[in-house]
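Everything on this sheet refers to the single structure shown next.
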Amino acid sequence: MRTLSGKELAAAVRERVRAEAAARQPRLAVVVATADEASLWYVRSIAKAAAGVGIACDVVELGPHAAPETIAATLAGLSADPGVHGVMLQTPLPPGASAQELAAAIDPAKDVDGAAPLSLGRLAAGLPAFAPATAAAVLALLDHHGVELAGRRAVVVGRSTVVGKPLAHLLLDRHATVTVCHSRTRDLAAVTSQAEVLVVAAGRAGLIGAGHVAPGAVVIDVGTNPTAGGGLTGDVDLAAVAPVAGALTPVPGGVGPVTTALLLEHTVRAAGA
Ligand code: NAD
């Protein structure tokens, strides 16, 4: 079984971004309205990665009780600010606030994590748009490791607007035959075991076992689930699937680092427009 690491690709993307950032002086703003520790850790890791490639990153903390109107007005203000090139809304949000609705306040030209409904619509229509960094990272990893997509059976597990849905469109654009599974799918294993390329983004540790995977399949594990020991594990049962799959991404060290690198690349691209 091949291990499809994301670390080398992420490093190459960051190198490219660093070279371009020097000329463009990009600025990313991340709007945060949560006290969730894992989420705040992720935001700090974005800010650190941005600093490492010469992108300024403002973390705009609104607090876990921010009103939806305040969040929307903040996103609109940043979108109108010519000194800000990328705008991102971190989740989770306060109860009653919808990420999809609020993200509509982000200018699609600055929507570097592809969160705005207009961005997803443009993606679905085959028009230029920023794809969510995670969905873009899956495609970039497949390309980096030379995985052929045209004409092949691809199955995506998960239908969220951040991963599953945009990824299905990206895979369709690359001429894969795409099936999307979700929590109501009956007999998941019967569908996933047909996949030549299987992408799992359910957020359920150990969901995918040996019986879910066709011999030799390429398996991309997007899931990041906290472990009791303070680490991370994916949605794929590694010990069970490794003897069956042809190739598999590690967690951590697979999709995650590429996601962050592509978010920065989108920001530098937004600054160059
Ligand atoms: P989500 O909760 O919004 O969506 C999960 C999807 O999985 C849903 O569409 C649901 O229908 C489906 N699902 C849940 N249980 C299922 C089951 N038993 N069988 C089949 N489908 C099932 O989550 P999300 O935001 O799309 O994230 C998915 C996972 O990817 C999470 O673990 C998240 O932490 C991870 N993630 C990783 C990165 C990264 O950079 N590596 C980025 C974003 C999300």
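Quick check, is PRO132 touching a Pro at 6+ places or on another chain (Cβ under 9 Å) and either among the polar types (S, T, N, Q) or within 16 Å of the ligand (Cβ to nearest atom) (or both)? Against the criterion (touching a Pro at 6+ places or on another chain (Cβ under 9 Å) and either among the polar types (S, T, N, Q) or within 16 Å of the ligand (Cβ to nearest atom) (or both)), PRO132 qualifies. Total residues in the range 234-251 satisfying the condition of being within 13 Å of the ligand (Cβ to nearest atom) and either not assigned by TED's automatic domain parsing to the domain that holds ASP143 or not in a loop (DSSP other than H, G, I, E, B) (or both): the figure is 1. Of the helices (runs of 4 or more DSSP H) lying entirely inside the range 57-155, those containing at least 2 residues that are of a type in the set (Ser, Thr, Tyr) are 68-80. Cβ-Cβ contacts under 9 Å between residues 6 or more apart (or on different chains), taken from a first residue in the range 193-211 that is outside the structural domain of ALA137 (by TED's automatic domain parsing) and at positive phi to a second residue that is within 12 Å of the ligand (Cβ to nearest atom) and modelled with pLDDT of 95 or more, are absent.
Take the residues in the range 252-273 that are part of a helix (DSSP H, G or I) and touching a strand residue (DSSP E or B) at 6+ places or on another chain (Cβ under 7 Å), then tell me which one is nearest to the ligand (Cβ to nearest atom). Once the filter is applied, the top-ranked residue is VAL255. The single residue among ASP221, ASP237 that is under 21 Å from HIS144 (Cβ atoms) and not aliphatic (A, V, I, L, M) turns out to be ASP221. Give the residues of the range 14-43 that are touching a residue at least 24 places away in the same chain (Cβ under 8 Å) and in a helix (DSSP H, G or I), sorted by residue number. Scanning the range 14-43 gives ARG14, ARG16, VAL17, ARG18, GLU20, ALA21, ALA22, ARG24, ALA38, SER39, TYR42, VAL43.
Which condition does ARG153 not pass, out of (1) closer than 21 Å to VAL236 by Cα; (2) within 15 Å of the ligand (Cβ to nearest atom), if it passes all the others? ARG153 satisfies every listed condition except (2).
For the range 100-133, the set of residues classified as closer than 22 Å to THR34 by Cβ and surrounded by fewer than 16 Cβ atoms within 10 Å (Cβ to Cβ) consists of GLN100, GLU101, PRO117, listed by residue number.
Each residue in the range 156-171 was checked for being outside any helix (DSSP H, G or I), in contact (Cβ under 8 Å) with a residue 40 or more places away in the chain and either of a type outside the set (A, V, I, L, M, F, W, C) or near the ligand (Cβ under 9 Å from one of its atoms) (or both), and 6 pass.
The values are calculated or read from the model by the stated rules, or taken from the named source; none is laboratory data. Just so you know, these numbers come straight off a predicted model, no measurement behind them. Cβ coordinates were reconstructed from backbone atoms using ideal geometry, including for glycine residues, and neighbour counts include every protein chain displayed.
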